[in-house]
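Structure, as structure tokens:
The values are calculated or read from the model by the stated rules, or taken from the named source; none is laboratory data. A quick note: this is a predicted structure, and the numbers were derived from the prediction, not measured. Because the Cβ atoms are built from the backbone with ideal geometry, glycine has one as well, and the counts that use them run over all protein chains shown. Protein only, heavy atoms only, side chains kept; ligands, DNA and RNA dropped before computing areas. Shrake-Rupley method; radii C 1.70, N 1.55, O 1.52, S 1.80 Å.
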Amino acid sequence: MTAPPGLPDALQLLRDRVAAAPLTLGVPGRDDALRAARGVVDQVDDYLLPRLRNLDAPLLTVVGGSTGAGKSTLVNSILGATVTTPGVLRPTTRAPVLVCARADRAQFSGDRVLPGLARTTGGEAGPGGLQLVTTDALPAGLALVDAPDVDSVVEANRDLAGQLLAAADLWVFVTTAARYADAVPWDLLRTARERGTALAVVLDRVPPEAVREVADDLSGMLQRAGLSAARLFVIEERPLTDGFLPEEQVAPLRGWLHALAADQEQRAAVVRQTLAGALQSMDERVSAIVAAVEDQTVAASALETAAEAAYAAARAGVDEGVANGSLLRGEVLARWQEFVGTGEWMRGLQAQVGRLRDRVTAAFTGRASPADDLRGALESGVETLLRAEADKAAERTVTAWRGLPGGLGLLAGRESELEGVSPAFTGAAADAVRNWQGTVLDLVRSQGADKRTRARFLSWGVNGAGAVVMVAVFASTAGLSGAELVIAGGTTAVGQRLLEAVFGDAAVRQLAAAARTDLDQRAADLLDGEQARFTELLDAAAPTPGSADELRDAVRMLAAARGARA
């Protein structure tokens with residue numbers, strides 16, 4: 001037999017995409033999807049690709065079953081020699097034993113089949129190993145594997161048993177008269193049906209007087225489960241001879257296996273059945289993985305939306321804090337009063353504008369520091385506002401992620417770090433506000449440079465004029481009341497009249513608008529940087545766009561290659 005061109009390549013592509021399937025977020029069903037993906041990858045590596053590349057290789061027969069079913073005794077009895085050790089302690093079989101004819105040793109000594117299991121000869125293999133035994137008691141073309149218990153109390157044994165069964169051309173499934181109706185064996189038998197695996201069932205330890213009754217009951221169960229094609233062998237419960245089953249009990253199974261080895265056409269038919277079934281099963285198995293990837297995408301989108309909403313609220317909070325006049329309370333109001341002489345303009349604002357302008361001009365000369373004090377108070381207020389909103393956004397995001405699928409896993413070990421601002425935020429916010437103030441001063445200088453007749457005034461008072469522009473940015477009366485409302489209103493009037501006297505109405509509006517736009521952008525950049533902590537965490541775990549489609553494409557390519565083979 002030869003494999004059709006294109007089928008191994010299509011299978012390799014599917015295997016690689018399944019192995020890379022993004023299943024990082026801890027959403028419901030993720031662990032099942034991971035096991036399914038691992039099962040697909042293992043079967044492709046352990047069985048499908050090796051078998052496609054060598055369709056005439058010996059028939060790999062895995063003897064599997066429940067704890068204490070007698071698998072090792074059965075293998076030894078088929079061979080007429082002790083090659084695998086039965087025992088009364090459970091779990092018994094820790095490392096699998098592969099037995100083949102001496103002529104077939106080269107087929108199994110390398111990593112063509114079960115490449116993840118290191119080979120050991122001349123003694124028992126340790127965990128993660130495979131004991132390789134050659135014997136003249138087995139004909140060429142047939143290999144037997146004594147597998148760990150499918151229901152072992154040791155998870156690694158259960159996983160290895162499943163991996164070996166997926167690597168088999170033929171399952172010989174061993175159960176007992178006392179346990180043939182247990183759930184675990186039937187889960188495995190249904191898997192064999194779904195994957196089209198060639199199957200034989202050995203019903204062991206059947207009381208002689210109950211052989212007909214128990215065998216008929218099991219046959220009916222197999223038929224109802226869609227497994228009527230499975231060969232059924234019954235072994236009566238009789239005393240062992242030197243550790244072996246009585247010859248008449250094991251002879252039918254041995255004869256059937258030897259006949260398969262001797263008849264190349266029958267052997268090829270078993271291989272074709274299992275190979276075709278395993279390839280066909282990829283559609284449904286990978287579809288479940290695709291659905292899990294889509295669940296990951298939905299979860300990632302919800303997490304991203306939660307972070308975006310939290311930081312959008314922070315940006316809105318900063319905008320509101322700048323616009324509602326609240327930054328002009330307290331320290332800023334006190335510094336403003338020192339700057340312009342509040343007592344005088346409160347007694348007669350309209351009549352005193354000229355004189356107030358003179359007092360402010362004196363402050364612009366740099367003799368005293370009211371302008372610097374005012375700018376310092378504004379700087380502190382803006383920094384406090386930015387930190388408060390960034391803190392709230394981080395806390396809101398962490399709270400939202402705790403309640404969303406996949407969120408807790410992303411936060412694991414990082415909650416205390418993420419539920420507040422980053423360590424660098426305070427310094428970055430201070431730098432941003434100082435740089436904003438520098439930009440405002442540059443705007444004042446630039447505006448004054450076009451007003452040659454007022455150049456001397458500006459040369460005296462760039463810092464002071466800049467401070468007035470900064471106050472004007474925050475001087476909306478929204479959110480203030482009582483005396484603060486009067487003061488804020490006066491602040492706006494004084495700031496505007498002083499600046500209009502120097503620059504004109506249009507220029508003042510442009511200055512304030514430009515200063516506000518610059519501040520908004522700096523605040524947005526700071527909050528974007530804080531949000532990026534969550535975005536980067538999510539990006540590292542979320543599926544990339546098109547991940548599910550890539551898996552679907554690989555399934556379609558495999559189906560097309562299978563069609564060409566058919």
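Within the range 255-263, is there a residue that is modelled with pLDDT of 90 or more, under 30 Å from GLY529 (Cα atoms) and part of a helix (DSSP H, G or I)?
Taking the range 255-263 as the starting set, the residues that turn out to be modelled with pLDDT of 90 or more are 255-263.
Within this subset, residues satisfying the condition of being under 30 Å from GLY529 (Cα atoms) are none.
So far as the range 255-263 goes, no, none of its residues is modelled with pLDDT of 90 or more, under 30 Å from GLY529 (Cα atoms) and part of a helix (DSSP H, G or I).
Please enumerate the residues belonging to the range 284-324 that are open to solvent by 50 Å² or more (accessible area, probe 1.4 Å) and either among the acidic types (Asp, Glu) or over 30 Å from LEU386 (Cα atoms) (or both). Matches in the range 284-324: GLU284, SER287, ALA288, GLU294, ASP295, THR297, VAL298, GLU304, GLU308, ASP319, GLU320. Every condition in (1) open to solvent by 10 Å² or more (accessible area, probe 1.4 Å); (2) modelled with pLDDT of 95 or more holds for LEU11 except the one numbered (1).
Quick one: in the range 192-217, of everything that is outside any strand (DSSP E or B) and in contact with a Ser or Thr (Cβ under 8 Å, 6 or more places away or on another chain), which residue is most open to solvent (accessible area, probe 1.4 Å)? Among them, the one singled out is GLU194. Among residues of the range 509-543 being modelled with pLDDT under 95 and touching an Asp or Glu at 6+ places or on another chain (Cβ under 9 Å), the one that is least open to solvent (accessible area, probe 1.4 Å) is ALA523. In this structure, does VAL27 turn out to be at pLDDT 95 or above and part of a helix (DSSP H, G or I)? The answer is no for VAL27. Close Cβ contacts (under 6 Å, 6 or more residues apart or on different chains) running from residues in the range 46-60 that are over 16 Å from LEU14 (Cβ atoms) and modelled with pLDDT of 90 or more to residues that are outside any loop (DSSP other than H, G, I, E, B) and open to solvent by 10 Å² or more (accessible area, probe 1.4 Å) comprise ALA57/GLN107; PRO58/ASP104; PRO58/GLN107; LEU59/ARG267.
Quick test for you: out of ALA36, ALA69, pick the one residue that is touching a helix residue (DSSP H, G or I) at 6+ places or on another chain (Cβ under 7 Å) and either open to solvent by less than 10 Å² (accessible area, probe 1.4 Å) or touching a residue at least 40 places away in the same chain (Cβ under 8 Å) (or both). Of ALA36, ALA69, the one residue that is touching a helix residue (DSSP H, G or I) at 6+ places or on another chain (Cβ under 7 Å) and either open to solvent by less than 10 Å² (accessible area, probe 1.4 Å) or touching a residue at least 40 places away in the same chain (Cβ under 8 Å) (or both) is ALA36.
Applying the selection to the range 122-148, what residues are surrounded by 12 or more Cβ atoms within 10 Å (Cβ to Cβ) and part of a loop (DSSP other than H, G, I, E, B)?
Taking the range 122-148 first, the residues surrounded by 12 or more Cβ atoms within 10 Å (Cβ to Cβ) are 124-125, 129-135, 137-148.
The answer is GLU124, ALA125, ALA137, LEU138, PRO139, ALA140, GLY141, ALA147, PRO148.
Taking the criterion of being in contact (Cβ under 8 Å) with a residue 60 or more places away in the chain, closer than 23 Å to VAL145 by Cβ and not in a helix (DSSP H, G or I), would at least one residue in the range 229-240 satisfy it? Checked the range 229-240: at least one residue is in contact (Cβ under 8 Å) with a residue 60 or more places away in the chain, closer than 23 Å to VAL145 by Cβ and not in a helix (DSSP H, G or I). On the basis of being under 25 Å from VAL113 (Cβ atoms) and not hydroxyl-bearing (Ser, Thr, Tyr), does PHE244 make the cut? When the stated conditions are applied, PHE244 does not pass them.
Tell me, please, whether a residue that is touching a residue at least 12 places away in the same chain (Cβ under 8 Å), assigned to a loop (DSSP other than H, G, I, E, B), open to solvent by less than 50 Å² (accessible area, probe 1.4 Å) and charged (D, E, K, R) can be found in the range 155-173.
Going through the range 155-173, the residues touching a residue at least 12 places away in the same chain (Cβ under 8 Å) turn out to be 156-157, 160-173.
Then keep just the ones that are assigned to a loop (DSSP other than H, G, I, E, B); that gives 167-169.
With open to solvent by less than 50 Å² (accessible area, probe 1.4 Å) added as a condition, the list becomes 167-169.
Filter once more, keeping what is charged (D, E, K, R): 169.
Yes, the range 155-173 contains at least one residue that is touching a residue at least 12 places away in the same chain (Cβ under 8 Å), assigned to a loop (DSSP other than H, G, I, E, B), open to solvent by less than 50 Å² (accessible area, probe 1.4 Å) and charged (D, E, K, R).
For residues that are open to solvent by 60 Å² or more (accessible area, probe 1.4 Å) and at pLDDT 75 or above, scanning just the range 366-393, find the one that is farthest from ARG434 (Cα to Cα). Before you say what the answer is, go through the steps one by one.
Kept after step one, since they are open to solvent by 60 Å² or more (accessible area, probe 1.4 Å), are these residues of the range 366-393: 367-368, 372-373, 380, 384, 387, 392.
Checking the rest, the ones that are also at pLDDT 75 or above come to 380, 384, 387, 392.
Working: SER380: 10, THR384: 13, ARG387: 15, LYS392: 23 Å.
It comes out as LYS392.
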